[in-house]
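Below: the structure, in structure tokens.
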Amino acid sequence: MQRMMGVDEPDYGHLLDDMELSRDRPVPVSRYCAPRVEVEVGFVLGADLPGEDCTVADVLAATEYVVPALELIDSRIRDWRISLADTIADNASSAGYVIGEGRAPHELDLKAIDARLTAGGELLAEGRSDAVLGDPAVSVAWLARTVARFGVPLRKGHLVLPGSCTRAVDVTAGQTFTAEFTGLGSVSLSFD
């Protein structure tokens, strides 16, 4: 994703309560400017994370479960020609998310989860969880350290989407996207 967006460092946004989407209700495409979906292994925290000293071990100990996730991203910048400053100003392009059922992190090799994104039986993108900084837990630890500098803690119950393990895919009305993760399950999101 960093290569796709032309940035050379991670960024982050906030997942708000009203951004949670339903697996059972189609999302109106007309609500967005230029929507895309990303495939992510989400982390649901079962305990607060330490701040500036957060490590991968801390993330794994605090994670209650990992979940298959699709993040809906959107941009007000024409043709997605965004810089790092643009994506930060636009909440990291985050517009919505949906998650599936979770598993305990110790049940999986979090660096080796294969992911496939399909729509209408067509393979649109594939990747692996280690495409996210080599290990998605590294991304969560980075986030905890970064936001701690601003007095923002990552707390029990928070969902953290660490980054996409595939390229982002454009959304059009009438599509149903399904992300399948080896050992983790799947999650779908429909658009009308």
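Some observations on this one:
- In the stretch 78-133, residue nearest to residue 47 (Cα to Cα) [restricted to those that are of a type in the set (D, E, K, R) and at pLDDT below 95]: 90
- Qualifying residue in the stretch 168-179 (condition: touching a residue at least 24 places away in the same chain (Cβ under 8 Å), surrounded by fewer than 19 Cβ atoms within 10 Å (Cβ to Cβ) and over 24 Å from residue 24 (Cβ atoms)): no
- Picking from residues in the stretch 144-162 that are aliphatic (A, V, I, L, M) and under 13 Å from the mean Cα position of the chain (by Cα), the one that is surrounded by the most Cβ atoms within 10 Å (Cβ to Cβ) is 161.
- Entirely in the stretch 54-130, the strands (runs of 3 or more DSSP E) that have 1 or more residues that are free of Cβ contacts under 8 Å to residues at least 12 places away in the same chain and either over 21 Å from residue 25 (Cβ atoms) or open to solvent by less than 20 Å² (accessible area, probe 1.4 Å) (or both): 122-128
Residues checked against (1) in a loop (DSSP other than H, G, I, E, B); (2) in contact (Cβ under 8 Å) with a residue 12 or more places away in the chain:
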{"residue": "13", "(1), (2)": "yes, yes"}
{"residue": "18", "(1), (2)": "no, no"}
{"residue": "33", "(1), (2)": "yes, yes"}
{"residue": "39", "(1), (2)": "no, yes"}
{"residue": "51", "(1), (2)": "yes, yes"}
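The values are calculated or read from the model by the stated rules, or taken from the named source; none is laboratory data. Remember, it's a predicted structure, so these values are computed and weren't measured experimentally. Glycine also receives a Cβ, built like all others from the backbone with ideal geometry; neighbour counts cover every protein chain displayed. SASA here: full protein model, heavy atoms, side chains in, ligands and nucleic acids out. Shrake-Rupley method; radii C 1.70, N 1.55, O 1.52, S 1.80 Å.
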